[in-house]
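Since the structure comes first, as structure tokens, the remarks are kept for the end.
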Amino acid sequence: MLILGGTTEAAALARVLAAAGVHGTMSLAGRVDVPMRHPLDQRIGGFGGVTGLVDYILAHEVTHVVDATHPFAAQMTRNAMAACQNAVIPLLALTRPAWQPVPGDNWQRVTNIPEAVRALKKPSQNIMLAIGRMHLSEFAVNTQHHYLLRLVDPPKDPLPFPKAHVVVARGPFDETEDQALMKLHKIDLVVSKNAGGTGAYAKIAAARALGLPVLMIDRPELPQRRAVTTPEEVLAWIAHTGTDLGV
Ligand code: NAP
């Protein structure tokens, strides 16, 4: 079994598979300095596109692939769908439902990062830009804002913003602590990806409690695929698909 990971849900799946005695390998992109802990074998780094992933599947006699990547890791998801089709092995996505606004939320929804950047073309604010490291530079055009960034690792390169403060921390986060952080930095607006799940939700709940608006970036559109939301459903899927290629 090959698990495409990099999420809390993938780590939870690894624990369930290990406890059930299922042999699997966790694949991580290698974006963070210290990878998430889990009890399975691990490989790190890209496969080299669809062809590289097909080669890996065949060379390691992978019989099942679980795509437990982040909802915004669209390239990896598309590659996994194409590679499993080419290699004729079953693929299942382990996903988490998108967050939905509840009473008290004040969300402005945008469809992607460029639209979020355009929405920030306005007078200076204190903005919590909680979107990870990968797309920060796209926000650099709006130099007027003061940005609060929360990153898993300390930045290795100079930040693309003239006014920014970095908090180095890894989720899951706590709502009370996020409220305190927002008050400390006098945050006017929170920018977030609609990641879903619990680990990153604290900032959304904290914004609601403080009456702050959230600029919420919708998930990328993905092709239809078979998906479940719990590790137990993955176990059931393994039991029902067996190990026959093409099932
Ligand atoms: P992406 O844009 O979909 O993927 C870009 C390339 O990175 C892929 O084509 C693949 O390279 C490699 N890659 C991605 N995930 C991989 C994995 N689990 N194992 C091996 N190679 C992987 O992905 P991303 O948005 O940069 O995310 C990278 C990783 O961070 C994922 O594991 C994801 O679960 C995690 N993550 C992402 C976010 C987010 O907001 N995007 C947030 C939290 C965690 P090749 O084509 O060479 O195979």
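The values are calculated or read from the model by the stated rules, or taken from the named source; none is laboratory data. Predicted, not measured: the structure shown is a model, and the values here were computed from it. All Cβ positions, even for glycine, are placed from backbone atoms using ideal geometry, and neighbour counts span all protein chains on display.
Based on this model, can you work out whether R226 counts as within 16 Å of the ligand (Cβ to nearest atom) and closer than 26 Å to A11 by Cα? No: the conditions fail for R226. Scanning segment 29-48 for residues that are of a type in the set (V, I, T) and either modelled with pLDDT of 95 or more or within 7 Å of the ligand (Cβ to nearest atom) (or both) yields a single hit, I44. Of the candidates V32, V117, V50, the single residue that is in a helix (DSSP H, G or I), hydrophobic (A, V, I, L, M, F, W, C), surrounded by fewer than 20 Cβ atoms within 10 Å (Cβ to Cβ) and within 20 Å of the chain's Cα centre (by Cα) is V117. Restricting the first member to segment 54-81 and to residues that are aromatic (F, W, Y), and the second to residues that are modelled with pLDDT of 95 or more and part of a strand (DSSP E or B), the beta-carbon pairs closer than 8 Å and six or more apart or on different chains are Y56/L2; F72/K193.
Take the residues of segment 2-28 that are in a loop (DSSP other than H, G, I, E, B) and surrounded by fewer than 16 Cβ atoms within 10 Å (Cβ to Cβ): which is farthest from the ligand (Cβ to nearest atom)? Full working, then the answer.
Narrowing segment 2-28 to residues in a loop (DSSP other than H, G, I, E, B): 5-7, 21-24.
Then drop every residue that is not surrounded by fewer than 16 Cβ atoms within 10 Å (Cβ to Cβ), which leaves 21, 23.
Values: G21: 23, H23: 18 Å.
Checking each candidate, the answer is G21.
If you go through segment 91-114 and pick out every residue that is not charged (D, E, K, R) and not in a loop (DSSP other than H, G, I, E, B), you end up with 9.
Report yes if some residue within segment 60-72 is within 12 Å of the ligand (Cβ to nearest atom) and either surrounded by fewer than 18 Cβ atoms within 10 Å (Cβ to Cβ) or modelled with pLDDT under 95 (or both); otherwise report no.
No, because not a single residue in segment 60-72 is within 12 Å of the ligand (Cβ to nearest atom) and either surrounded by fewer than 18 Cβ atoms within 10 Å (Cβ to Cβ) or modelled with pLDDT under 95 (or both).
In segment 97-113 there is at least one residue matching the filter, namely being within 14 Å of the ligand (Cβ to nearest atom), among the polar types (S, T, N, Q) and within 26 Å of A209 (Cα to Cα). Please indicate, with yes or no, whether at least one residue in segment 81-90 is touching a Gly at 6+ places or on another chain (Cβ under 8 Å), surrounded by fewer than 22 Cβ atoms within 10 Å (Cβ to Cβ) and either part of a strand (DSSP E or B) or among the charged types (D, E, K, R) (or both). Among the residues of segment 81-90, not one is touching a Gly at 6+ places or on another chain (Cβ under 8 Å), surrounded by fewer than 22 Cβ atoms within 10 Å (Cβ to Cβ) and either part of a strand (DSSP E or B) or among the charged types (D, E, K, R) (or both), which makes the answer no.
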